[in-house]
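Trainee: My structure is below; once you've seen it, I'll send some questions.
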Amino acid sequence: MGIYVFNTEYLLEALHTVREHDFGKHIIPKAVANDRVYAFLFKGYWRDVGTIKSYWDGNMDLLDPNSGLDLENWHVRTNVEEEGRISDRPPAALKPGCLVQNSVISPGCIIEGYVENSVISPGVHVGKGARVKNSVVMHNTKILARAEIENCILDKIITVGENAKIGISEQNIPNREFPDHLDCGLVVIGKGAVIPADCIIGTNVIVYPYVKASDFPNGEVASGMTIHKKS
């Protein structure tokens, strides 16, 4: 994964002349072999985030002072809001009784519980008594009171119900539907999903976007399972 600049005509031609269209495996090797290619030698932080585990690792690098990823001095500017909206959220609110350790807490967050070794995006609410550990939580997700999540990647506008427990298991059974993509113990929950109160979810679990609480078969999701949105 990197930053590439192509002539438009070259890519249009590649659609018809290159059998497969992976940039790293097919397009660029062909260009290097047959055409004129220029490269810039970049000496800063770089990581391929083409897998779930490497994406999680990249986020954890934000928390490691020895990773080489120094946002304070990098001077990279980005709009942290979706749909092109300019960020105008208030500062994060850390409520009495909360505890935050080695984490990134973004503007607009309300933290009433415990957050450790996690990257928390704008607008996230961690309720009273809730625990978030080793996780990536995206915009406007709500983790309600006494819920616990560990080793998770949560997309935007998810609701985790009270007393739910996600990713807390000693089992490491690969995901049954996608064993080649999720076998590292993480849990991946899609945008807009609602996790019911008191639900227990194991490791290597995938929850599809916009799944409702009623889509869960019972109060427990075993490690390696996938929850789909019912029609």
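Trainee: Would you mind listing the helices (runs of 4 or more DSSP H) fully within the range 1-68 where at least 2 residues are aromatic (F, W, Y) and either surrounded by 11 or more Cβ atoms within 10 Å (Cβ to Cβ) or within 30 Å of the chain's Cα centre (by Cα) (or both)?
Mentor: Filter on the range 1-68 gives 52-61.
Trainee: A further question follows. Can you tell me how many residues in the range 1-57 are out of contact with any Asp or Glu (no Cβ under 9 Å at 6 or more places or on another chain), of a type in the set (A, V, I, L, M, F, W, C) and closer than 30 Å to V187 by Cα?
Mentor: 5
Trainee: For residues that are in a strand (DSSP E or B) and under 15 Å from the mean Cα position of the chain (by Cα), scanning just the range 106-131, find the one that is farthest from I158 (Cα to Cα).
Mentor: Across the range 106-131, the extreme among qualifying residues is V119.
Trainee: Could I ask something else about it? Among the listed residues I189, I206, I168, I195, which satisfies the condition of being out of contact with any helix residue (DSSP H, G or I) (no Cβ under 6 Å at 6 or more places or on another chain), modelled with pLDDT under 95 and closer than 21 Å to S118 by Cα?
Mentor: Details: I189 fails: modelled with pLDDT under 95; I206 fails: modelled with pLDDT under 95; I195 fails: modelled with pLDDT under 95.
So the residue among I189, I206, I168, I195 that is out of contact with any helix residue (DSSP H, G or I) (no Cβ under 6 Å at 6 or more places or on another chain), modelled with pLDDT under 95 and closer than 21 Å to S118 by Cα is I168.
Trainee: Can you work out which of the residues in the range 187-201 that are more than 13 Å from G161 (Cα to Cα) and either in contact with a Gly (Cβ under 7 Å, 6 or more places away or on another chain) or basic (K, R) (or both) is surrounded by the most Cβ atoms within 10 Å (Cβ to Cβ)?
Mentor: For the range 187-201, the residue satisfying everything is V187.
Trainee: When you go through (1) under 22 Å from L154 (Cβ atoms); (2) at pLDDT 80 or above; (3) out of contact with any Gly (no Cβ under 6 Å at 6 or more places or on another chain) one by one for H16, which number turns out not to apply?
Mentor: (1)
Trainee: On the basis of being part of a loop (DSSP other than H, G, I, E, B) and modelled with pLDDT under 95, does G97 make the cut?
Mentor: no
Trainee: Can you pull out every residue in the range 132-141 that is out of contact with any Lys or Arg (no Cβ under 7 Å at 6 or more places or on another chain) and either in a loop (DSSP other than H, G, I, E, B) or surrounded by fewer than 19 Cβ atoms within 10 Å (Cβ to Cβ) (or both)?
Mentor: Selection gives K133, N134, S135.
Trainee: When residues of the range 185-226 are filtered for being over 20 Å from W56 (Cβ atoms) and in contact with a Phe, Trp or Tyr (Cβ under 8 Å, 6 or more places away or on another chain), how many remain?
Mentor: The qualifying residues number 3.
Trainee: Considering each residue of the range 164-190, count those that are in contact (Cβ under 8 Å) with a residue 40 or more places away in the chain and under 19 Å from V124 (Cα atoms), and give that number.
Mentor: Qualifying residue count, the range 164-190: 1.
The values are calculated or read from the model by the stated rules, or taken from the named source; none is laboratory data. Bear in mind that the values here come from a model prediction, so they are computed numbers and not experimental data. Every residue, glycine among them, receives a Cβ derived from its backbone with ideal geometry; neighbour counts consider all protein chains shown.
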